[in-house]
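Step one of this worksheet: look at the structure below.
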Amino acid sequence: MRRAGALDDLPPPDYHAGMDATRYLCPLGAAALRLRVPAKWLRREAEAGRIPCLKAGSRLLFDVDHVAGLLRRRARKGNRP
């Protein structure tokens, strides 16, 4: 049985507060599919710090829209790290 306390009076957390509903973090495999790049390449780029990601335990999570924009800018400039 739960004890009554100050935390019981709080509303449930809104985990999506302040986030655009169309943007979310994708795991490596899903991000690679959406970006149409090999997962192995995406992992290497992220681990080298050339692609931003969030590491959650052993998983890499990507904001696909942000990464896609970054890759488009990189392609326009002709940058190849």
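Summary table
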item	result
Subset of region 63-81 that is over 12 Å from the mean Cα position of the chain (by Cα) and surrounded by 14 or more Cβ atoms within 10 Å (Cβ to Cβ) - its residue that is modelled with the lowest pLDDT	74
Qualifying residue in region 34-44 (condition: in a helix (DSSP H, G or I), at pLDDT 95 or above and in contact with a Gly (Cβ under 7 Å, 6 or more places away or on another chain))	yes
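The values are calculated or read from the model by the stated rules, or taken from the named source; none is laboratory data. Note that this is a predicted model, so its numbers are computed, not measured. Backbone-built Cβ (ideal geometry, glycine too); neighbour counts: all protein chains shown.
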